[in-house]
1. Of all residues in the range 14-48, which are touching a Lys or Arg at 6+ places or on another chain (Cβ under 6 Å) and assigned to a loop (DSSP other than H, G, I, E, B)?
2. From (1) without any contact (Cβ under 8 Å) to a residue 40 or more places away in the chain; (2) buried (at least 22 other Cβ atoms within 10 Å of the Cβ), pick out the condition that doesn't hold for VAL258.
3. Out of SER91, SER56, I need the residue that is surrounded by fewer than 24 Cβ atoms within 10 Å (Cβ to Cβ), at pLDDT below 95 and over 21 Å from GLY230 (Cβ atoms). Which one?
4. Check whether at least one residue in the range 126-148 is surrounded by fewer than 23 Cβ atoms within 10 Å (Cβ to Cβ), out of contact with any helix residue (DSSP H, G or I) (no Cβ under 6 Å at 6 or more places or on another chain) and among the basic types (Lys, Arg), and report yes or no.
5. Which is among the hydrophobic types (A, V, I, L, M, F, W, C), modelled with pLDDT of 95 or more, on the phi < 0 side of the Ramachandran plot and open to solvent by less than 30 Å² (accessible area, probe 1.4 Å), of LEU61, LEU73?
6. Answer with yes or no whether ARG307 is open to solvent by 20 Å² or more (accessible area, probe 1.4 Å), touching a residue at least 12 places away in the same chain (Cβ under 8 Å) and among the charged types (D, E, K, R).
7. Sort through ARG375, ARG425, ARG357, ARG393 and tell me the only one that's closer than 29 Å to GLY26 by Cα, touching a Phe, Trp or Tyr at 6+ places or on another chain (Cβ under 7 Å) and charged (D, E, K, R).
Amino acid sequence: MTLALGCIADDYTGASDLANTLTRAGLRTVQTIGVPADDLGLPEVDAVVVSLKSRSIAAGLAVSRSRAAETWLRGRGARHVLFKICSTFDSTDAGNIGPVMDALRADCGEAIVLVTPAFPETGRTLYQGNLFVGAVPLNESPLKDHPLNPMHDSNLVRVLARQSKTRIGLVDLATVTRGTDAVRVRLAELAGKGIGAAIIDAVFDRDLETIGLVAADHRLSVGASGIGLGLARALVSTGKVKSAAMGSEQGAAVGGQVACLAGSCSQATLQQIANAERVMPVLRLDSDRILTGAGEVQQAMDWARPRLADGPVLIASSATPDQVAALQARHGRDAAGHAIEQTMADIAETLVSSGVRRLVVAGGETSGAVVDRLRIPGFLVGAEIAAGVPVLRAVGAEAGEMLLALKSGNFGGPEFFSDAVRLMR
């Protein structure tokens, strides 16, 4: 295997978002869960996205896992490695974006690294270094209430500077609009001043194409799926990759029972759950009962089993920001989050043991816990359910043939769960 592009993602839903983006842009792509074992039997591809659950763990552990992934990717011929982060720069001042970026930059000897979470297609734009979610700055968006990594500053030059040991600069939109040569000159200027990373503005898709062409000159970049799109288009337009038709990995129908699990507390997911109640049975778990060990898993399965034969079901631990804050105050943030994630993983494992072969999961941390519990080593990318959310066909799963959809909290339209069930055949 000789890779045109290697990617390290800091959570599983973001990884599937990126794998979907690369596939749409014409790259044959596989998503793996962790660094692949040598006997996994991956097909010949252009890009591998190594999924790590490293966004909210200790920075030192995130660094060591990311370094191991980079070593594997470089060993398979990847000259350029993209460290894929959330499009809302989902990271506290303690890390982990800065520490991982610093380590990977040192390992590959790169003078300066381009950084952008911009992805205009999903409403994430960057101007003068400030990240916007739709029409509002990051710190005024619902991300200010994120239960694990609340974002209170939209200026990413400042945010990254608080995490990184290197100086952070800016490549503004005016420079980007003048094209690749102007961006290269600006980067050289910043590197000459000892600046090791540059936040780069992007408001339109064409900005991503400019950024991708410049980033491809370097060995490392940091960003969301938008910069992945730019890199993929650069690889295709320069002839380094021959574009492949999307959908070549669809495979045979899986069939079987289908279930949805929701752990995200985003406004988008809460609305999607409410809409799903019109078309499928929905069980809302009691978070306090989960924390006190009151048998929520068994009760959930007693509820689900008789209903699965008639169609999809949805089991949700999602709650409003006020409810999450109250739960964390009673039980502690880390304890509450861990207990709920593991309960959802327990439910997923029991569902699969009961015959479910199509599983829709909403929420990054929930998706990570579920996929880890099911011991799925990798995925092939199929049809797109919503922007950034593809159907994933499990590779090497102990349970056999399975389809999954892993959704970041804010992704998908109002009828996401119904849309996912319809496309997962």
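The values are calculated or read from the model by the stated rules, or taken from the named source; none is laboratory data. On a predicted model such as this, the values are computed, not experimentally measured, just so you know. Cβ placement follows ideal geometry from the backbone for every residue including glycine, while neighbour counts extend to all protein chains displayed. With ligands, DNA and RNA removed, areas are computed over all heavy atoms of the protein, side chains included. Shrake-Rupley method; radii C 1.70, N 1.55, O 1.52, S 1.80 Å.
1. Passing the criteria: ALA25, VAL45, ASP46.
2. (1)
3. SER56
4. yes
5. Residue meeting the stated conditions: LEU73.
6. Working: open to solvent by 20 Å² or more (accessible area, probe 1.4 Å): yes; touching a residue at least 12 places away in the same chain (Cβ under 8 Å): yes; among the charged types (D, E, K, R): yes.
Answer is yes for this residue.
7. The match here is ARG393.
To keep it simple, each residue is scored yes or no on (1) at pLDDT 95 or above; (2) open to solvent by less than 50 Å² (accessible area, probe 1.4 Å).
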{"residue": "MET1", "(1), (2)": "no, no"}
{"residue": "ALA9", "(1), (2)": "yes, yes"}
{"residue": "PRO36", "(1), (2)": "no, yes"}
{"residue": "GLU44", "(1), (2)": "no, no"}
{"residue": "VAL81", "(1), (2)": "yes, yes"}
{"residue": "MET101", "(1), (2)": "yes, yes"}
